[in-house]
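The structure appears below as structure tokens.
Laboratory data are not the source of any read-out in this text; all were calculated from the coordinates shown. Since the structure is predicted, the reported quantities are computational estimates derived from the model, not experimental observations. Please note: Cβ atoms are built from the backbone with ideal geometry, for glycine as well, and neighbour counts cover all protein chains shown.
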Amino acid sequence: MPAEKLVYIANKKDVPVGEAKIFRYPTGKPGGETRPGLLIHLKEDLFVAYDGLCTHMQGELTWDKYLQKIVCTYHDGMYHPEHGGPYRGMPKEALPAIKLKIEKNGDIYALL
């Protein structure tokens, strides 16, 4: 079994509650290919992360801090930030979650 890989995303202090950060993580494919991911600070000490491409047509996702929803830039589809499931529009499948590791110093890593 391959060892788990940690990919640094941010420090907790750099992503305020209600905000998000787009990051890149490796796919494991040859050539160093990466995909976007989306880290969201939902509430005090609660962070979630998802793959950053829509399950409908692989459009890049963004965070709408006013609506508090994950939004697809292609067709205005939306996802629930709490569980990554579809909220509105074309997406029919939940976003793949990315496991996180948060160190005592506040550093947040994607656990791949």
Looking only at the range 64-103, and only at residues there that are assigned to a loop (DSSP other than H, G, I, E, B) and acidic (Asp, Glu), the one that is farthest from Asp45 (Cα to Cα): Asp76
Single residue of the range 30-50 satisfying the filter (surrounded by fewer than 19 Cβ atoms within 10 Å (Cβ to Cβ) and among the aliphatic types (A, V, I, L, M)) that is nearest to Val7 (Cα to Cα): Leu46
Residue match in the range 15-32 (condition: without any contact (Cβ under 8 Å) to a residue 12 or more places away in the chain and either part of a strand (DSSP E or B) or among the acidic types (Asp, Glu) (or both)): no
Residue list for the range 80-89, restricted to those being without any contact (Cβ under 8 Å) to a residue 40 or more places away in the chain, surrounded by 13 or more Cβ atoms within 10 Å (Cβ to Cβ) and closer than 23 Å to Lys12 by Cα: His80, Gly84
Breaking point among (1) crowded, with 20+ Cβ neighbours inside 10 Å; (2) within 12 Å of the chain's Cα centre (by Cα), for Leu53: (1)
Members of the range 90-112 found to be touching a residue at least 24 places away in the same chain (Cβ under 8 Å) and farther than 17 Å from Phe23 by Cα, listed by number: Met90, Pro91, Lys92, Glu93, Ala94, Asn105
Any chance Val48 is β-branched (Val, Ile, Thr) and out of contact with any Lys or Arg (no Cβ under 8 Å at 6 or more places or on another chain): yes
Candidates Ile98, Ile102, Ile70, filtered to the one that is in contact with a Leu (Cβ under 6 Å, 6 or more places away or on another chain), among the β-branched types (Val, Ile, Thr) and surrounded by 13 or more Cβ atoms within 10 Å (Cβ to Cβ): Ile70
